[in-house]
Amino acid sequence: MAASLEPEIGDVFARCQSYYLDNEGSLSRTGSAYEAVREALTAMLEVMALLHAELYRDQGYKVDKQHPGYLIKSYRGLLFRIPYHVLPTFPSDESLPAIWDLSRKIRNSSKSTISISGSNVLRKLFEIVGDIDFCEYFRVAHGFDRVVRNLDGDANVMCLKLTVSNPDPVWKWDEQRPTADALAEAIKPAVLKQSTFKMDYVGDIAHFGITEISNIVIALDGDGKSAGLVKTHAGQEVPLTSVDWLPNQMNDPIDMGRYIDWLARAIKSLQREGDMRKCLKRCASLSRILYLPRITDDIAALVDEHRPFLLNYQLGQLQRLCTMLNTLEGKRQTKLAAIAEAQQTRLSAEFETLGQMEPEAPQRFANEAHSIANRLLTYVQTDD
């Protein structure tokens, strides 16, 4: 079949990946090549934001003129800054207050920029999402007192673990409880392996029920810099603050190229590992950022067709969570375990109404997901 005579919108974004790969190891934000790609990317983001503001005008979205590619939505006094490409998949308005309230419970400083991230910005596409992920940009100058207080959680949210430079554990509940001074000593914005930490929670959250929660925290210095910024991607984050400073920008070709390359590598890696459920989530993210709506629609159709298979996976995750909670002691753990078991019962009943899952369903899901991934990877550069 002859190649299309019309350029694709995704070509601009693929150009960012090419710039990132061509200059990897000697990345510069001052050269003429960088500026040419940045101008094209910025113009594309501005146009797409304007288009989506019109398409979603009845939902109250307005263009963020200061940050190309973002739209702003105010809902019940809460402000959300959302990348245009996740609007079709972003959580419903009814769940937004719960997400906002949860972010305030686990945020480690009132001055931090905290974002909902990962698969959670795709909730309309992947309705069955087992956890809620956040990414927080935290200035170490604000101190670690609130981090230590957050280890206590509250009546409905319990912190399970704090790790520095995941996956190497630093503190768990069967070891010494960290102090603010110990955290300040362990966490260093300029050192890659010490520039991030992660806090894992479990909680009973309005609208979502019992769920696991993670908060990956990027430690920033006084100028907002951190070695850990290379672990984050603006394209998969929705900041939940009303401030105008953003740690990452979508119109930076290096960051955009790094995000696209990371997605492409993750898709290939997950294909090799055989984790096609997670691979499909990465495919959805890449199809949105490259603006390939037909592939996104195919992913949505596959998810809908294989709902019993995905629901069965979520049941397994709930069982694992119940088992873990039942190993802990205390009234709060007992309450959360009971809620998890009740939720598991409700989910089991829903699973039963869908009828018997066909034995070949997992393999058919994997085959169709592989096909989608292979189609998608033709739009980007990949290593053999």
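Based on the Cβ-Cβ distance from residue 141 to residue 360, what FRET efficiency comes out when R0 is 51 Å, to the nearest 0.05?
The value I calculate is 0.35.
Could you check the simple spin-label distance between residue 185 and residue 242, using points 7 Å along Cα→Cβ, in nm with one decimal?
Distance between the two pseudo-spin positions: 4.0 nm.
In the chain, what percent of the accessible surface is made up of carbon and sulfur (1.4 Å probe, ligands and nucleic acids excluded)?
Carbon-and-sulfur percentage of accessible area, whole number: 50.
Please list the helices of the chain that count as membrane-span-like by this rule: a mean Kyte-Doolittle hydropathy of at least -0.5 together with Cα atoms stretching 30 Å or more along the helix axis, each helix being a complete DSSP H run.
Once both thresholds are applied, what remains is 32-55.
Any idea of the accessible area per residue across region 204-357, 1.4 Å probe, to the nearest Å²?
Per residue, region 204-357 has an accessible area of 43 Å².
Between residue 345 and residue 57, what's the calculated FRET efficiency when r is the beta-carbon distance and R0 is 30 Å? Round to 0.05.
With R0 = 30 Å, the Cβ-Cβ based efficiency is 0.10.
Counting residues in the chain as N, plug N into 2.2 N^0.38 Å and put the Cα Rg over that result.
For the chain, the normalised Cα radius of gyration is 1.01.
Compute the distance from the alpha-carbon center of region 308-370 to that of region 191-241, in whole Å.
The two parts, judged by their Cα centres, are 26 Å apart.
Normalised by the residues of the chain, what does the relative contact order come to in percent, with Cα pairs under 8 Å and at least six apart?
Relative CO of the chain lands at 18 percent.
Which whole-number percentage describes the relative contact order of region 261-384, with Cα contacts under 8 Å and a sequence gap of 6 or more?
39 percent
Extending each Cα 7 Å along its Cβ direction at residue 14 and residue 324, get the distance between those two points in nm, one decimal.
With each label point 7 Å from Cα toward Cβ, the separation is 4.0 nm.
By the scheme Lys and Arg +1, Asp and Glu -1, what is the net charge of all other residues having a beta-carbon under 11 Å from that of residue 361?
Local net charge: -2.
Any aspartates and glutamates with Cα under 13 Å of the residue 62 Cα? List them, leaving off those in the same chain fewer than 8 positions away.
Output for residue 62: 46, 54.
Express in nm, to one decimal, how much length is gained between residue 28 and residue 47 on full extension, taking 0.36 nm for each residue of separation and deducting their alpha carbon distance.
4.3 nm
When the chain is fully extended, how far beyond the present Cα-Cα distance does residue 297 get from residue 21, taking 0.36 nm per residue of separation?
Net length gain for the segment: 96.4 nm.
Straight-line reach from residue 188: which lysines fall under 26 Å, measuring Cα to Cα and dropping same-chain residues less than 8 apart?
By straight Cα distance, residue 188 reaches 105, 111, 161, 172, 198, 225, 231.
Report the net charge of residues surrounding residue 337, where surrounding means a beta-carbon distance below 13 angstrom and charges are Lys +1, Arg +1, Asp -1, Glu -1.
With Lys, Arg at +1 and Asp, Glu at -1, the net is +1.
The values are calculated or read from the model by the stated rules, or taken from the named source; none is laboratory data. The model shown is predicted, which means the values in this text are computed figures rather than measured ones. Note that each Cβ is placed from the backbone with ideal geometry, even for glycine, and that neighbours are counted across all protein chains shown. With ligands, DNA and RNA removed, areas are computed over all heavy atoms of the protein, side chains included. Shrake-Rupley method; radii C 1.70, N 1.55, O 1.52, S 1.80 Å.
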